[in-house]
Amino acid sequence: MRNPNSLKQEFLKKWIKGLQICNATKKNMSIMERKKAIKLSADIAMASTRKSTIYWSHALMKNALKDDTNKIIMKNILGSNDDNNNNNNNLKKTSMGINSMSQNGIIRSKKIIKKSCKISRRARKIISPNIIAKKMVKKRTKVLKSLVPGGEYMDDASLIKETLDYIISLRVQVDVMRHLANNASYEINDPKTRL
């Protein structure tokens, strides 16, 4: 596990670079455009600070690549060194794997539905605590898969690992943003910084 302070520093550095790039690409932004730019640069910065084997980071980057403007911003944040080229290659491989996994998942789910229809009606009437627990776990897993980027294509074990990593990254992002907001409010309220 990486040192949280180094992770925060790397995130902050890439996030500020992304904000500068967004600001340079369009001078007069509306509030909604600024909100999108802040979110985009934060997502790209957060995803780029993670290992290239983390699926949620690839899913975030893949979503950002849908817009041509985002491609320019992402290219500038990630730079062009060999490590980032490896990240881009892994991103392409992973995104291809995600698409093929979703097609296989559809086929598997159709087979499961067919098998479940063959279960006798008597077996369906018996409701045990295990069945209720399994249904609750399935519902919560489904919700979790919708929250983690790329989660809908992961098995349960990978989902837990990815979720833990995603939570750590979100925590870093929140800590950095909170620290910036606190410093900004301090400067606004400090009489020495007023003109």
Check on L180, among the aliphatic types (A, V, I, L, M) and open to solvent by less than 50 Å² (accessible area, probe 1.4 Å) | no
For residues that are under 17 Å from A47 (Cβ atoms) and touching a residue at least 12 places away in the same chain (Cβ under 8 Å), tally how many sit in segment 14-27.
-> 7
Can you confirm whether segment 155-171 contains a residue that is modelled with pLDDT under 85, farther than 20 Å from T49 by Cβ and in contact with a helix residue (DSSP H, G or I) (Cβ under 9 Å, 6 or more places away or on another chain)?
-> no
When S30 is evaluated against the numbered criteria (1) over 22 Å from Y166 (Cβ atoms); (2) in contact (Cβ under 8 Å) with a residue 12 or more places away in the chain, which criterion, by number, is the only one it fails?
-> (2)
Residue satisfying all of: in segment 134-172; small (G, A, S), buried (at least 17 other Cβ atoms within 10 Å of the Cβ) and out of contact with any His (no Cβ under 8 Å at 6 or more places or on another chain); farthest from P4 (Cα to Cα) among these = G151
If a residue has to be open to solvent by 70 Å² or more (accessible area, probe 1.4 Å) and either of a type in the set (S, T, N, Q) or touching a Leu at 6+ places or on another chain (Cβ under 6 Å) (or both) to count, how many in segment 32-62 make the cut?
-> 1
So which residues in segment 6-31 are open to solvent by less than 40 Å² (accessible area, probe 1.4 Å) and closer than 13 Å to I77 by Cα?
-> F11, K14, W15, G18, I21, C22
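The values are calculated or read from the model by the stated rules, or taken from the named source; none is laboratory data. Just so you know, these numbers come straight off a predicted model, no measurement behind them. Reconstructed Cβ throughout: ideal geometry from the backbone, glycine too, with neighbour counts over all protein chains shown. Just the protein is used for accessible areas: all its heavy atoms, side chains included, with ligands, DNA and RNA removed. Shrake-Rupley method; radii C 1.70, N 1.55, O 1.52, S 1.80 Å.
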